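The block underneath contains the structure these notes are about, expressed in structure tokens.
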Amino acid sequence: MTSETTPKKSAKAPERAPSKTPEPTEVGDVSYGNGGELHQSPSEGQVMTTAQGVPMSDDQNSLKVGDRGPTLLEDFAMREKIFHFDHERIPERVVHARGYGAHGVFECTDPIPEITQAGLFAEKGKQTETFVRFSTVAGNLGSPDLARDVRGFAVKFYTDEGNWDLVGNNIPVFFIQDAIKFPDLVHSVKEEQDKGWPQAQSAHDTFWDFVSLMPEATHMTLWQMSDRAIPRSLRFMQGFGVHTFRFVNAEGGSTYVKFHWTPVQGVQSVVWNEAVKINGADPDFHRRDLWDAIQSGDFPQWDLGVQLFDDEFADSFDFDILDPTKVVPEELVPIRTIGRMTLNRVVDNVFDETEQVAFCTGNVVPGIDFTNDPLLQGRNFSYLDTQLKRLGSTNFTQIPVNAPRCPVAHFQRDGHMQMAQHSGTANYEPNSYAGANRGPRADAEQGYRTVAREEAGPTRRVRAESFADHYSQARQFWISQSEVEQQHIIDGYTFELGKVVSPDIRSRVLANLRNVDEQLAATIADGLGLDLPKASKPAAKVRTDLDPSPKLSMTAYLPESFAGRKIGLLISDGADAKLVKAIQTTANKAGVLVSVVAPKAGGAKLSDGTLLEAEDAIAGGPSVLFDAVALVPGEESVAQLAKHPAAKDFVNDAFNHFKFVAYAESAQPLFDATGVEPDDGFVKVGAAKDVTTFLETCAALRFWDREVFTG
Ligand code: HDD
């Protein structure tokens, strides 16, 4: 990214760019009603009106006869207000209901015009506006952010040739191979129909029943049981297009492509016990983190990488490139980075933008095309359909967040909530009203052209033989994980299967896992107190000769520094003022935020007599909310602090969640009270240079030496 286009990071909140209304365009284009002004925000001194624009004289009291009623039906203002309120909710997304969005910009850094004619990849420095929505899959709209779940990573690119939606996840494979199974998958993971629970959890019988009967899900469930499914921040996740797509160049030549988003901030997750506690302490943890980062000018960025390959590679590959339960290992096809996305603006209104944004996998632009992946083909049908259900009209493309930023010219007319005012007589093509061109008309040269694929064969309901190997890549994923990651996968399965009531279902999962790795299955069985069942019979021979693929481990994506992370600084009255200041300034200089936590929300009096305000009282600011902690209690007040259950949890949790801890000499009573013994993950701090050492240590993110292995 060139310096003039990189949004500058600044400590203070950036000025908000004014909201944009799509530019009015030419003949046949969409123009908007409402005086051309769709964005409304009341200005100072403006008189309140009804939706019809009638000025209101009183918005506190309904219209009554006399002082004590009755209330009159004639009160059109009240009726309109309550009528509108009654209709405020729209159906939440059937999956990915809980999400958070932000605006951004994509910049091409390595153009590939020879590979694709997509304009956004044509020139170095070319910028394209984007809107991103991150989400969890299973939970309802109000569910907690840190559920163990796959995260949606959907990006809308407003290109010069229309909108392209890359609707991906933070995991590169999927549970099922054919879209016809999607309703079953989703039914199984959502609340059980007879009970109405559990919410936002896969840890229940129906989910494990389904996936144990669908061995193709094994690879994805390994990812899902890993810490990938409990990211620390939406800013610290990778994203994947999952399917194999096609790039198409101006000559019609096509290249297969897999899309990868890699966070510049590094990849980071939490541990399960921490996730459980974060959900209670701050169910909005992820959305708040993204909002805070963007508002403070610490704009998150992702590199867009592509794996490019041709038919020759596809034929030589051990797996089918159309099978969405498989990755193409980076050792076989390296990733080429072609651009960077920066999220630099929060939404003005969550409903208007994040809720109403409508992603469709079918939204492609010239230069990007589909493959025959049966999951992708089914998705192309589903997304358009779901938007109609959710948004209530085929005109959802006119909602500002969905409207293309380029000219629109077509003869689609009418329908519910038509916002465009189409002028002129002709609403068909060809017509002679528009002059010699009879337009607007399709153009064989400029227009979107599907790759000329040769297709033949009998019509059959069939699963290709080349999709039959469900375990080899699951095994490769497993052997590519670090020892700690493997332990967390074991813990994930043990927890989830522990919530499964049916012994048969548990056994079936274990029987499948034996085909991945005997030790993995045996350790989980031991954790559950079960005997190992006989291994299930794989549909294809399991390859045990695949080498580990290091890029499948999160350890390959550690950040370069601790920047963008947050330290929880626990203080109490009499805390060393110089040390507190040193921690704050040194950390801030390194791009690390410091959040002050004290016994009282009002803050604590430091050793120099100044009052330092706290962001949180201890009960509201547990250490799970921070990436590392610093303990700087006052000598006189620490004994009292050490009796506080929340203060003890603060220290205990930081230790148990493998966090790095900076501590002043005065913190000893906290260790005595909790039994925590400082290890090499603890750094004693007395001066600014110690703080620098601490921050350098923190770049490793967690002190994994504390892990207890059961494997
Ligand atoms: Fe899907 C939403 C990602 C398979 C049907 N999906 C949705 C969203 C994401 C994904 C990120 C949320 C978009 C947003 O933020 O608005 N879905 C995926 C990925 C898949 C996948 C990566 C596999 C590779 N999905 C999939 C299948 C089907 C659907 C096979 C149906 C056949 N997905 C939907 C949907 C949703 C949706 C029902 C619900 C809300 C929406 O579309 O807008 O149509």
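The values are calculated or read from the model by the stated rules, or taken from the named source; none is laboratory data. In this text the structure is predicted, and so the values were computed from the model without any measurement. Cβ: placed from backbone, ideal geometry, glycine included. Neighbour counts: every protein chain shown.
Going by what's in this entry, would residue 299 be described as of a type in the set (A, V, I, L, M, F, W, C) and surrounded by fewer than 21 Cβ atoms within 10 Å (Cβ to Cβ)? No, not satisfied.
Taking segment 608-711 and the helices (runs of 4 or more DSSP H) fully enclosed by it, the elements with 3 or more residues that are under 28 Å from the mean Cα position of the chain (by Cα) are at 645-656, 688-698. Among the numbered criteria (1) within 16 Å of the ligand (Cβ to nearest atom); (2) among the β-branched types (Val, Ile, Thr); (3) within 20 Å of the chain's Cα centre (by Cα); (4) crowded, with 22+ Cβ neighbours inside 10 Å, which single criterion is violated by residue 364? Unmet for residue 364, out of (1) within 16 Å of the ligand (Cβ to nearest atom); (2) among the β-branched types (Val, Ile, Thr); (3) within 20 Å of the chain's Cα centre (by Cα); (4) crowded, with 22+ Cβ neighbours inside 10 Å: (3).
In contact (Cβ under 8 Å) with a residue 24 or more places away in the chain, over 21 Å from residue 651 (Cβ atoms) and either surrounded by fewer than 18 Cβ atoms within 10 Å (Cβ to Cβ) or under 34 Å from the mean Cα position of the chain (by Cα) (or both), is that true of residue 527? For residue 527, the condition - in contact (Cβ under 8 Å) with a residue 24 or more places away in the chain, over 21 Å from residue 651 (Cβ atoms) and either surrounded by fewer than 18 Cβ atoms within 10 Å (Cβ to Cβ) or under 34 Å from the mean Cα position of the chain (by Cα) (or both) - is met. For segment 120-164, enumerate the residues that are crowded, with 21+ Cβ neighbours inside 10 Å, more than 15 Å from residue 357 (Cα to Cα) and hydroxyl-bearing (Ser, Thr, Tyr). Those that are crowded, with 21+ Cβ neighbours inside 10 Å, more than 15 Å from residue 357 (Cα to Cα) and hydroxyl-bearing (Ser, Thr, Tyr): 128, 136, 159. Screening the candidates 405, 390 for the property of being of a type in the set (Lys, Arg), away from the ligand (no atom under 16 Å from the Cβ) and under 25 Å from residue 348 (Cα atoms) yields one hit, 405. Scanning segment 141-163 for residues that are more than 14 Å from the ligand (Cβ to nearest atom) and touching a strand residue (DSSP E or B) at 6+ places or on another chain (Cβ under 9 Å) yields 143, 144, 145, 146, 147, 157, 158, 159, 160. If we scan segment 490-503, do we find a residue that is surrounded by fewer than 18 Cβ atoms within 10 Å (Cβ to Cβ) and aliphatic (A, V, I, L, M)? Yes, the conditions are met somewhere in segment 490-503. When 647, 664 are screened for being in contact with a Leu (Cβ under 7 Å, 6 or more places away or on another chain), outside the structural domain of residue 270 (by TED's automatic domain parsing) and within 20 Å of residue 282 (Cα to Cα), only 647 passes. Close Cβ contacts (under 9 Å, 6 or more residues apart or on different chains) running from residues in segment 378-396 that are in contact (Cβ under 8 Å) with a residue 24 or more places away in the chain to residues that are within 7 Å of the ligand (Cβ to nearest atom) and aromatic (Phe, Trp, Tyr) comprise 378/182; 379/182; 382/182; 383/359; 387/359.
Just the residues that are more than 16 Å from the ligand (Cβ to nearest atom) and acidic (Asp, Glu), please, taken from segment 87-123. Residues satisfying the conditions are 88, 107, 110, 114, 123. Here residue 114 meets each of (1) surrounded by fewer than 21 Cβ atoms within 10 Å (Cβ to Cβ); (2) without any contact (Cβ under 8 Å) to a residue 40 or more places away in the chain with one exception, condition (2). For segment 107-141, a residue qualifies if it is farther than 18 Å from residue 367 by Cβ and touching a Gly at 6+ places or on another chain (Cβ under 7 Å), and the qualifying residues are 131, 132, 133, 134, 135, 137. Checking 359, 370 one by one, the residue that is touching a helix residue (DSSP H, G or I) at 6+ places or on another chain (Cβ under 9 Å) and within 11 Å of the ligand (Cβ to nearest atom) is 359 and no other. The number of residues in segment 413-444 being surrounded by 15 or more Cβ atoms within 10 Å (Cβ to Cβ), within 36 Å of the chain's Cα centre (by Cα) and without any contact (Cβ under 8 Å) to a residue 60 or more places away in the chain comes to 1.
Looking at (1) of a type outside the set (A, V, I, L, M); (2) under 24 Å from residue 708 (Cα atoms); (3) surrounded by 22 or more Cβ atoms within 10 Å (Cβ to Cβ), can you tell me which one residue 470 breaks? Here residue 470 meets the rest and fails (2). Here segment 236-253 is the region considered, the condition is being buried (at least 22 other Cβ atoms within 10 Å of the Cβ) and not hydrophobic (A, V, I, L, M, F, W, C), and the residue that is farthest from the ligand (Cβ to nearest atom) is 238. Reported count of residues in segment 259-289, each being under 20 Å from residue 591 (Cα atoms), touching a strand residue (DSSP E or B) at 6+ places or on another chain (Cβ under 6 Å) and hydrophobic (A, V, I, L, M, F, W, C), is 1.
Can you confirm whether residue 202 is buried (at least 23 other Cβ atoms within 10 Å of the Cβ), in contact with a Lys or Arg (Cβ under 7 Å, 6 or more places away or on another chain) and within 20 Å of residue 539 (Cβ to Cβ)?
no
In this structure, does residue 137 turn out to be under 19 Å from residue 231 (Cα atoms) and among the hydrophobic types (A, V, I, L, M, F, W, C)? Answer is yes for this residue.
Only one entry in 386, 361, 337 is modelled with pLDDT of 95 or more, out of contact with any His (no Cβ under 8 Å at 6 or more places or on another chain), part of a loop (DSSP other than H, G, I, E, B) and among the β-branched types (Val, Ile, Thr), namely 361. Among all positions in segment 399-407, there is at least one residue which is of a type in the set (D, E, K, R) and in contact with a strand residue (DSSP E or B) (Cβ under 8 Å, 6 or more places away or on another chain). Applying the criterion of being of a type in the set (Gly, Ala, Ser) and either at positive phi or part of a strand (DSSP E or B) (or both) to the residues of segment 589-607, the residue that is nearest to the chain's Cα centre (by Cα) is 591. Of the set (1) within 12 Å of the ligand (Cβ to nearest atom); (2) over 27 Å from residue 285 (Cβ atoms), all apply to residue 129 but (1). Exactly one residue out of 537, 581, 566 is free of Cβ contacts under 8 Å to residues at least 12 places away in the same chain and closer than 30 Å to residue 640 by Cβ: that is 581.
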